Amino acid sequence: MLRSKTFLKKTRAGGVVKIVREHYLRDDIGCGAPACSACGGPHAGPALEPQPRDQASSLCPWPHYLLPDTNVLLHQADYKCLEAGDLGLCGLQIATPRQLIDVLEDPAIRNVIVLQTVLQEVRNRSAPIYKRIRDVTNNQEKHFYTFTNEHHKETYIEQEQGENANDRNDRAIRVAAKWYNEHLRQTPAEPQLQVVLITNDRKNKEKAAAEGIPAFTCEEYVKSLTANPELIDRLACLSDETNEIESGKIIFSEHLPLSKLQQGIKSGSYLQGTFRASRENYLEATVWIHGDKEDEKEILIQGLKHLNRAIHEDIVAVELLPKSQWVAPSSVVLHDEGQNEDDVEKDEERELLLKTAVSEKMLRPTGRVVGIIKRNWRPYCGMLSKSDIKESRRHLFTPADKRIPRIRIETRQASALEGRRIIVAIDGWPRKGHFVKNLGDVGEKETETEVLLLEHDVPHQPFSQAVLSFLPKMPWSITAEDMRNREDLRHLCVCSVDPPGCTDIDDALHCRELGNGNVEVGVHIADVSHFIRPGNALDQESARRGTTVYLCEKRIDMVPELLSSNLCSLRSNVDRASLTYAEAQMRIDSTAMNDDITTSLRGLNKLAKILKKGRIEKGKIRFHMDSETHDPIDLQTKELRETNSMVEEFMLLANISVAKKIHEEFSEHALLRKHPAPPPSNYEVLVKAAKSKNLEIKTDTAKSLADSLDRAESPEFPYLNTLLRILATRCMMQAVYFCSGMDNDFHHYGLASPIYTHFTSPIRRYADIIVHRLLAVAIGADCTYPELTDKHKLSDICKNLNFRHKMAQYAQRASVAFHTQLFFKSKGIVSEEAYILFVRKNAIVVLIPKYGLEGTVFFEEKDKPKPRLVYDDEIPSLRIEGTVFHVFDKVKVKITLDSSNLQHQKIRMALVEPQIPGINTPPDVSDMDLNGPGGKKRKLEK
């Protein structure tokens, strides 16, 4: 049967077009029940069980399948507003959400029918939840069945006149549920199978009951599963109005409704942006304002009332305060470590520490949050803080990310979950949530690695069969057709130079003299795009992951291992030459070695020095570069050889050359990488620090900065230049991918290059795969496809890549931090020399060169007399009881692992030298308080 669907679509140019699509209805779509003879018996792929017996429900004890509607999967919330007088007290709406997706993923829940109507709605409104549903429906052990009701002639319905889309979809769900129950009556099964509708929509439930459809709310059904009481913990928490207002004190101002926010943003009264909580100060945040490039700016938010219940990454509306109320970013380090999440008076007392006299030029645009446009909550990893009240079901959850406030949850498993990493989802304000998953014991390597991957949103699940199905069949070999379309360079002396133990080697070099006296250099890169074709499941998964993530003891590949470590990697004993940096350096330095590879390496090294000198003269800033991104990074303690620089120079040259080529061919659609010049304000800390040592750093251009850093030497303080360069890296902006047709500024500040891209690491960066495809089209080696020349789609790819690269960097740092803790756990107490990088109002931040370790030395502690601290932002300096600390001063600190807080174990640093009465900690005395009350070590039960 053929129907037509007509709808209107708005174009990018603002016009409206009418679209008519054919809609086919069929009568051969199966119901998914194996016992149903009318549908042809067993089904291929995931199907329902003939007689489901695992859901022992007291409400419906007969065999049944579940059919959820859209709202329970999307965390639908029924908002009940307090009266106006109450809103003035707490200023919030009370959400009573009930979410089923967390319950559906539990092994105890099986035999669920997911309608096409529901899937389409979820896909349009929440990509993460849609993916979770698809994952669970693809798991054959769960017996979930996707029923395409929109193409079944007996379940498809037209939208009626005056009926909105939501009501039409609710009706379609009821029609499908009713059809299932009538259809299953034809099966010979005894007792009779039924389909139960799960909905949180009161009206939908009432209509279902009137039509004879068994229907329950998510909460009603889950509580009826007497054999699985633990599932109740996974229900979204119900807000309790009686506990919302604990005093008559006004804490927060009311969030404005969305309609007023939209009007205010349109008129310019309010600004829309992304809320980013501070890692160092829980009472401070910034809001990155959305808009055109020239309008982008940050608004500073300080104080509990101005933060107004926004949570990290929320999209918020802010009101800019008058200039007389602008403040400067705080120099105080404040961590929310209390156990009482409602201790507002303590928070207000701490807010007074934020206020300090500063020069007018230090003031920043300051605002307050007036409303939440979109909550960007996600499941959070952390630990349970068990209530001291015996038999209590209400407990506090402390997220691993300190930017996220503590969350109240109800659970009957508190004793079992104590001392373990768990996942909790937020349901509504005031910070109520529900238990989702138990990850394992805190401190275990596998558990902590899982936590840091989840917290930084790193896709790390095994590649699906759909993805693996697009890999070449083994054994694979180059075909005759491949040879006809490619140039064979195997006669050249080509060699790779990489770190020891590297298995994903995708680049190699050659160098040879030509007959005319010139020198030819070849940069050889694996053709990963040959194996990953546009649009298939392998390509989509690679695009989603964006980059390979390197942890201390683990690598999360962007592409399956068959490609990353085999077909696209230069492997030993497979007719390929591979050297480590040290081996290559040994050949270059050895007078006894003069073979082809060694001669080639010496030629490459000589040319690399010339290239590097030329780039430095153009203004390239001499930082250590990230081997993957070629972005500036902090200097590290590991030894770097000439061969490291040699490889880097030719990779940079290849990237620049390819960038020029693809931009010539695709001026509007080239994927490029830029490094914006930092604003002058970023350099203030660097300029002030250098001035304190009687040095001048010029920052008007990259060349002047590079020259200033080169001149900033001190014979009596050799490490000073290294410290200055470390500070300089902190002033830099983040390098980003972008589409050439969406931006006019191509310049890469750190490399002093007018144009740049990434081409040389396609095994571990998806950006390089796109660049390979562009280059292949540019040189006539491959054909184009629509998405490659759609600058809006390319821009979306760039946004995802920028996010994935940033999260990969954070995950890598978290992995290093965790393994640093393990190192000092076995090391015990250590005292080492350190240099001050920053001075704060109540602390100093130091760097320990021996370990490349950075940490904070606090001068104010709980339950101890507060020393007299005088902070000077201009110099900058911190005076403590007569002793003055400046940036770059040498100190001696004691390093210990503080295990008193299992959730946030951390490296603690205490001052040993210089001696300050009442401040110093003896270097040879263990800190008994680090292991909890009474000086006893806290041990976890295994």
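Among the residues of segment 593-613, which ones are of a type in the set (S, T, N, Q) and either open to solvent by less than 50 Å² (accessible area, probe 1.4 Å) or in a helix (DSSP H, G or I) (or both)? Reasoning before the result, please.
Going residue by residue through segment 593-613, those that are of a type in the set (S, T, N, Q) are 594, 598-600, 605.
Passing the criteria: Thr598, Thr599, Ser600, Asn605.
Would you confirm whether or not segment 407-414 contains a residue that is closer than 30 Å to Ser253 by Cβ, modelled with pLDDT of 85 or more and open to solvent by less than 20 Å² (accessible area, probe 1.4 Å)? Scanning segment 407-414 turns up at least one residue that is closer than 30 Å to Ser253 by Cβ, modelled with pLDDT of 85 or more and open to solvent by less than 20 Å² (accessible area, probe 1.4 Å). Looking across segment 293-308 at every residue that is open to solvent by less than 10 Å² (accessible area, probe 1.4 Å) and either at pLDDT below 90 or aromatic (Phe, Trp, Tyr) (or both), the one that is farthest from Ile407 (Cα to Cα) is identified as Gly303.
In contact with a Leu (Cβ under 9 Å, 6 or more places away or on another chain), on the phi < 0 side of the Ramachandran plot and open to solvent by less than 70 Å² (accessible area, probe 1.4 Å), is that true of Lys432? If you could, list the steps in order and put the result at the bottom.
On the way: in contact with a Leu (Cβ under 9 Å, 6 or more places away or on another chain): yes; on the phi < 0 side of the Ramachandran plot: yes; open to solvent by less than 70 Å² (accessible area, probe 1.4 Å): yes.
Judged against the criteria, Lys432 is a match.
Just for segment 172-193: of the residues that are among the hydrophobic types (A, V, I, L, M, F, W, C) and not in a helix (DSSP H, G or I), which one is nearest to Leu48 (Cα to Cα)?
Of segment 172-193, the ones among the hydrophobic types (A, V, I, L, M, F, W, C) are 172-173, 175-177, 179, 184, 189, 193.
Of the ones still in play, those that are also not in a helix (DSSP H, G or I) are 189, 193.
Working: Ala189: 14, Leu193: 12 Å.
The selected residue is Leu193.
For segment 710-743, a tally of residues being surrounded by fewer than 19 Cβ atoms within 10 Å (Cβ to Cβ), under 30 Å from Thr789 (Cα atoms) and in contact with a Leu (Cβ under 9 Å, 6 or more places away or on another chain) returns 4. Of the set (1) touching a Lys or Arg at 6+ places or on another chain (Cβ under 9 Å); (2) modelled with pLDDT under 80; (3) surrounded by 15 or more Cβ atoms within 10 Å (Cβ to Cβ), all apply to Glu244 but (1).
Residue pairs whose Cβ atoms lie under 6 Å apart, sitting 6 or more positions apart in sequence or on different chains, and linking a residue in segment 849-863 that is without any contact (Cβ under 8 Å) to a residue 60 or more places away in the chain to a partner that is open to solvent by 20 Å² or more (accessible area, probe 1.4 Å), are Gly855/Ile907; Glu860/Lys866. Answer yes or no as to whether Arg486 is closer than 30 Å to Ser529 by Cβ and open to solvent by 30 Å² or more (accessible area, probe 1.4 Å). Spelling it out, Arg486 is indeed closer than 30 Å to Ser529 by Cβ and open to solvent by 30 Å² or more (accessible area, probe 1.4 Å).
Determine if segment 463-473 includes at least one residue that is within 30 Å of Ala817 (Cβ to Cβ) and either within 28 Å of the chain's Cα centre (by Cα) or buried (at least 18 other Cβ atoms within 10 Å of the Cβ) (or both).
First pass over segment 463-473, keeping only residues within 30 Å of Ala817 (Cβ to Cβ): 463.
After this cut, where a residue has to be either within 28 Å of the chain's Cα centre (by Cα) or buried (at least 18 other Cβ atoms within 10 Å of the Cβ) (or both) as well, the list is 463.
The answer is yes; a qualifying residue exists.
Consider segment 370-411 and keep the residues that are basic (Lys, Arg) and in a strand (DSSP E or B). The one that is farthest from Lys437 (Cα to Cα) is Lys374.
Inspect segment 114-134 for any residue being in a loop (DSSP other than H, G, I, E, B) and either surrounded by 18 or more Cβ atoms within 10 Å (Cβ to Cβ) or at pLDDT 85 or above (or both) and give the result as yes or no.
Residues of segment 114-134 in a loop (DSSP other than H, G, I, E, B): 126.
Okay, now just the ones that are also either surrounded by 18 or more Cβ atoms within 10 Å (Cβ to Cβ) or at pLDDT 85 or above (or both), so none.
No.
Return yes when Leu87 is of a type outside the set (Ser, Thr, Tyr), buried (at least 22 other Cβ atoms within 10 Å of the Cβ) and modelled with pLDDT under 85 and no when it is not. Working first, answer last.
Values: of a type outside the set (Ser, Thr, Tyr): yes; buried (at least 22 other Cβ atoms within 10 Å of the Cβ): no; modelled with pLDDT under 85: yes.
The answer is no for Leu87.
Pairs meeting the criteria (first residue in segment 661-679 and of a type in the set (Val, Ile, Thr), second residue in a loop (DSSP other than H, G, I, E, B) and open to solvent by less than 60 Å² (accessible area, probe 1.4 Å), beta carbons under 8 Å, at least 6 apart or on different chains) are Ile662/Ala670; Ile662/Thr757.
Among the residues of segment 887-902, those identified as under 21 Å from Leu724 (Cβ atoms) and open to solvent by 30 Å² or more (accessible area, probe 1.4 Å) are Asp889, Lys890. Looking only at segment 439-466, residues that are hydrophobic (A, V, I, L, M, F, W, C), part of a helix (DSSP H, G or I) and more than 21 Å from Asp106 (Cβ to Cβ) come to 3 in all.
Go through segment 380-401 and report how many residues are over 19 Å from Thr447 (Cβ atoms) and open to solvent by less than 80 Å² (accessible area, probe 1.4 Å). Qualifying residue count for the region: 4. Taking the criterion of being of a type in the set (D, E, K, R) and farther than 15 Å from Ile232 by Cβ, the residues of segment 398-436 that qualify are Asp401, Lys402, Arg403, Arg406, Arg408, Glu418, Arg420, Arg421, Arg431. Would you point out the residue of segment 531-561, among those that are at pLDDT 90 or above and open to solvent by 40 Å² or more (accessible area, probe 1.4 Å), that is nearest to the chain's Cα centre (by Cα)? The extreme case among them is Arg544.
Taking Gly371 as the residue in question, decide whether it is modelled with pLDDT of 75 or more and touching a Lys or Arg at 6+ places or on another chain (Cβ under 9 Å). Even if it seems obvious, please write down each step before you answer.
Values: modelled with pLDDT of 75 or more: yes; touching a Lys or Arg at 6+ places or on another chain (Cβ under 9 Å): yes.
Taking the combined requirement at face value, the residue satisfies it.
The residues listed here are Lys827, Lys906; of these, the one that is over 29 Å from the mean Cα position of the chain (by Cα) and basic (Lys, Arg) is Lys827.
If you check Pro365 against the conditions, is it modelled with pLDDT of 85 or more and touching a Phe, Trp or Tyr at 6+ places or on another chain (Cβ under 6 Å)? Break it down into steps so the answer makes sense when it comes.
Values: modelled with pLDDT of 85 or more: yes; touching a Phe, Trp or Tyr at 6+ places or on another chain (Cβ under 6 Å): no.
No.
Between Val222, Val196, the distinction of being of a type in the set (Val, Ile, Thr), open to solvent by less than 20 Å² (accessible area, probe 1.4 Å) and either part of a helix (DSSP H, G or I) or in contact with an Asp or Glu (Cβ under 6 Å, 6 or more places away or on another chain) (or both) belongs to Val222 only.
For segment 169-187, the set of residues classified as modelled with pLDDT of 90 or more, buried (at least 18 other Cβ atoms within 10 Å of the Cβ) and out of contact with any Lys or Arg (no Cβ under 9 Å at 6 or more places or on another chain) consists of Asn169, Ala172, Ile173, Val175, Ala176, Ala177, Tyr180, Asn181, His183, listed by residue number.
Assess whether Lys806 counts as being surrounded by fewer than 17 Cβ atoms within 10 Å (Cβ to Cβ) and either of a type in the set (Val, Ile, Thr) or within 20 Å of Ser529 (Cβ to Cβ) (or both). Give the derivation first.
Values: surrounded by fewer than 17 Cβ atoms within 10 Å (Cβ to Cβ): yes; either of a type in the set (Val, Ile, Thr) or within 20 Å of Ser529 (Cβ to Cβ) (or both): no.
For Lys806, the condition - surrounded by fewer than 17 Cβ atoms within 10 Å (Cβ to Cβ) and either of a type in the set (Val, Ile, Thr) or within 20 Å of Ser529 (Cβ to Cβ) (or both) - is not met.
Candidates Val521, Val497: the one that is surrounded by fewer than 20 Cβ atoms within 10 Å (Cβ to Cβ), closer than 18 Å to Ala584 by Cβ and touching a residue at least 24 places away in the same chain (Cβ under 8 Å) is Val521.
The values are calculated or read from the model by the stated rules, or taken from the named source; none is laboratory data. The structure displayed is predicted, hence computed values, not measured ones. Here Cβ is always computed from backbone atoms with ideal geometry, including for glycine, and neighbour counts include all displayed protein chains. SASA here: full protein model, heavy atoms, side chains in, ligands and nucleic acids out. Shrake-Rupley method; radii C 1.70, N 1.55, O 1.52, S 1.80 Å.
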